[in-house]
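One structure is given below, encoded as structure tokens.
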Amino acid sequence: MILLHQPSTIIGDRYRIVAPLGQGAFGTTYEAEDLTNYKRVALKAISLRGLENWKGLELFEREAKILAKLNYHAIPKYLDYFYIDTADDRRFYLIQQLVGGQSFSELVKKGWYPSQGEIKEIAFQILDILQYLHQLNPAVIHRDIKPQNLIINSKGIVFLVDFGAVKDVYRNTLSYGETFVGTFGYMPPEQFQGQAFCASDLYSLGATLLFLLTHRSPAELPHQRLKIDFRGSVQISQHFANWLEKMLEPAVEDRFQSVEEAIDALRQKKSISSSFSDSIIPQRQQPAGSRIILIKNNQRLVAQIPPCGLKDDNLLWAVLIFYVLKVINSWILGTIVTVFSTVVFLNFWIILLVLLELLFYIAGEIYLEINRYTFKIEWHLFGLTWRQITGRTVDIKFVQLDSSVNFLGKKTITCAIGEGAQQHKFGSKLRNVEKRWLVEELRDFLGLL
């Protein structure tokens, strides 16, 4: 840890440095003594010269501004904010109430294993803090709830500290374009895109509680796509597991939408639904024999198109491909050496691309997801994402069947999603009745958004 100040240094003729407490991305926090009343305080300092860009100073000043407005027993009180100029630097200082106790991170390192009852009590305390922050106008979103930023004292009171990533936004306002802040493993997917909602803090709280249960960072636990698969790593009640799963939904619209909703569910005043159990929309009759998995509610639709397998038309393609390649290879044998090397190289890539295309027809899967804000289409082959398209749901202009003719003169019908001037096509190997059904389901869903 590189220290800006050494113990016993006097800051501003008032604060004496006692010892460093920790270091963040932009500054160092010290335990200090206020020489006017001899009380211990937390002193956070940053050096303008030591910053790589202005973002650190912006966050530091925002932290001071917001803390000055807060008044809650479980948030360290704001005491002072000032800067001092030196010959070659300007240093900024934030003074807060010093909270006694240990962070969850420190306690876990010492072997602390809280019971389910203790963890639920901790959850209620943190939810109360978030309820206070989120009901402010504008709402205050912490954006960096994690074990290191939660301190519990000897009386069992939990304090939320380090508001260095705090954001004051109006409810449901997106902060597009902002550099993301937070901690990997504890921040929800939307924060990687510079977005923050009140439900983002709920995700971080769920991840922190999961750390207390498992003693592992959520990033180290198994994942199914973006969803943490934690149930095999914990021994808790079914209700508590369902509640945690709801808190940790990757899609913000699938989480509890308010602290009050999360509190009621934890107190078992409200049943807990999974991503798709609320307000399931009735579907049209799925075509007989179709293996498409389609689940949708008022907020989200997911469609999974399984591999079509080895069918007669695929076998015909395979025979045709190998016949064409045989002709090409025969021609290669009759060329001169210089041409031979070039044609071999081209032939290799032709073979590779054609085989990949054939393999995808036989074993490839398509995953389609649409929610209120975004959509994505993924092509998977043997568990790997071969291709991905993402966009904004608001930009979808149409969903229709598209007809085209390939280089062999064969007519191909696909499902097509129109995004602006682009068309994203998929599902060419589905039966026509399945394509029509899927297009109608997508149209109906988009009409609900």
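Values quoted throughout were computed directly from the atomic coordinates according to the rules given, and no laboratory measurement underlies them. Because the structure is predicted, anything quoted here is derived from the model rather than measured. Cβ coordinates were reconstructed from backbone atoms using ideal geometry, including for glycine residues, and neighbour counts include every protein chain displayed.
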- Message: Rounded to whole Å, give me the distance from the Cα center of region 371-449 to that of region 202-255.
- Response: 32 Å
- Computed ³J(HN,Hα) along region 419-435: with the Karplus parameters 6.51/-1.76/1.60, θ = phi - 60°, integer Hz and x for glycine or proline, the list is 10, x, 8, 9, 10, 9, 9, 7, x, 5, 8, 6, 5, 4, 5, 6, 4
- Note on the structure: Stretched fully, the stretch from Leu35 through Asp402 gains (0.36 nm per residue minus C-alpha distance, one decimal, in nm) 124.4 nm
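Roughly what percent of Cα-Cα pairs across region 213-271 reach past 19 Å?
33 percent
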- Residues whose modelled amide H sits under 5 Å from the amide H of Gln102, counting only those 5 or more places away in sequence or on another chain, are Ile152
- Message: What three numbers, in Å, describe the spread of the alpha carbons of region 10-97 along their principal axes, ordered from the longest?
- Response: 34, 27, 20
- Item | Residue-by-residue Karplus 3J(HN,Hα) for region 196-213, coefficients 6.51, -1.76, 1.60, Hz, glycine and proline x | 9, 10, 4, 5, 5, 5, 5, 4, 5, 5, x, 5, 5, 5, 5, 4, 5, 6
- Give me the distance in nm between label points sitting 7 Å out from Cα along the Cα-to-Cβ direction at Trp386 and Asn71, one decimal. 6.3 nm
- Arg90/Ser428 FRET efficiency (R0 45 Å; Cβ-Cβ; nearest 0.05): 0.10
- Summed residue charge, Cβ within 11 Å of Ile370's Cβ, Lys/Arg positive, Asp/Glu negative: +3
- Along region 120-132, what does the Karplus equation 6.51 cos²θ - 1.76 cosθ + 1.60 (θ = phi - 60°) give for ³J(HN,Hα), rounded to whole Hz, x for Gly and Pro? 5, 5, 4, 4, 4, 5, 5, 4, 4, 4, 5, 4, 5
